[in-house]
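Worksheet: the structure to be examined is printed underneath.
The values are calculated or read from the model by the stated rules, or taken from the named source; none is laboratory data. Values in this document were obtained by computation on a predicted structure and should not be read as measured data. Quick reminder, even Gly has a Cβ in these numbers, built from the backbone with ideal geometry, and neighbours come from all protein chains shown.
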Amino acid sequence: MWWKAILLWFVLMLLAIGNGTVRIKLIISQTGLTAGLAISTVMLCTLILLATWLSIRWLGPGDAQQAWRIGLLWLAMTLGFEFGAGHFLFKKPWSELLVDYDITQGRIWVLVPIVTAMAPWLMAKARGLLS
């Protein structure tokens, strides 16, 4: 099950990269930065939930605890990639990486890691895999 969870996380990252490309090339130019970021956040959350919905039977969590463990693995991998690659590979300062999490500035990106962590449990529950 764990290799499937890791493989699906890479699919989620491809969806996130595609979402970011659409945000930069199409959405922000039409809506402005704040609205574009919000639209992109909602789009990515939807893509994460859809991909998890489609693959949860294949992933096969045996119970709620396994579903939560998958979600927490995805969360750790996502934050590790976002902050690790962002800071060490792309040389962005920590303050720049954290700005997307500042809800007082209209940034709702925090929904992405929340949805990422909850998606396996939510979709397993929705698909009737958990009691």
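Tabulated values for the structure
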{"item": "Members of region 1-26 found to be over 15 Å from CYS45 (Cβ atoms) and either of a type in the set (Gly, Ala, Ser) or without any contact (Cβ under 8 Å) to a residue 24 or more places away in the chain (or both), listed by number", "result": "TRP3, ALA5, LEU7, PHE10, LEU14, ILE17, THR21, ILE24, LYS25, LEU26"}
{"item": "Some residue of region 52-67 being within 19 Å of LEU7 (Cβ to Cβ), within 16 Å of the chain's Cα centre (by Cα) and free of Cβ contacts under 8 Å to residues at least 60 places away in the same chain", "result": "yes"}
{"item": "Matching option when the condition is within 16 Å of THR116 (Cβ to Cβ) and free of Cβ contacts under 8 Å to residues at least 12 places away in the same chain, among GLY71, GLY32, GLY80", "result": "GLY80"}
{"item": "Residue list for region 103-113, restricted to those being without any contact (Cβ under 8 Å) to a residue 60 or more places away in the chain and surrounded by 12 or more Cβ atoms within 10 Å (Cβ to Cβ)", "result": "VAL110, PRO113"}
{"item": "Those residues of region 1-18 which are among the aromatic types (Phe, Trp, Tyr) and either within 18 Å of ILE114 (Cα to Cα) or at pLDDT below 95 (or both), in sequence order", "result": "TRP2, TRP9, PHE10"}
{"item": "Which listed residue, of PHE81, PHE10, PHE88, is among the aromatic types (Phe, Trp, Tyr) and under 30 Å from SER131 (Cα atoms)", "result": "PHE10"}
{"item": "Only listed residue being at pLDDT below 95 and in a helix (DSSP H, G or I), chosen from THR41, THR21, THR34", "result": "THR34"}
{"item": "Filter result for TRP68 (of a type in the set (Phe, Trp, Tyr) and surrounded by 18 or more Cβ atoms within 10 Å (Cβ to Cβ))", "result": "no"}
{"item": "Filter result for LEU33 (touching an Asp or Glu at 6+ places or on another chain (Cβ under 8 Å), more than 26 Å from SER131 (Cα to Cα) and not hydroxyl-bearing (Ser, Thr, Tyr))", "result": "no"}
{"item": "Residue within region 54-68 that is at pLDDT below 95, more than 28 Å from SER131 (Cβ to Cβ) and not aromatic (Phe, Trp, Tyr) present", "result": "no"}
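A quick yes/no check of all residues on (1) in contact with a strand residue (DSSP E or B) (Cβ under 7 Å, 6 or more places away or on another chain); (2) within 30 Å of SER55 (Cα to Cα); (3) not β-branched (Val, Ile, Thr):
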{"site": "LYS91", "(1), (2), (3)": "no, no, yes"}
{"site": "VAL99", "(1), (2), (3)": "no, no, no"}
{"site": "ASP102", "(1), (2), (3)": "no, no, yes"}
{"site": "GLY106", "(1), (2), (3)": "no, no, yes"}
{"site": "PRO113", "(1), (2), (3)": "no, yes, yes"}
{"site": "PRO120", "(1), (2), (3)": "no, yes, yes"}
{"site": "GLY128", "(1), (2), (3)": "no, yes, yes"}
{"site": "SER131", "(1), (2), (3)": "no, yes, yes"}
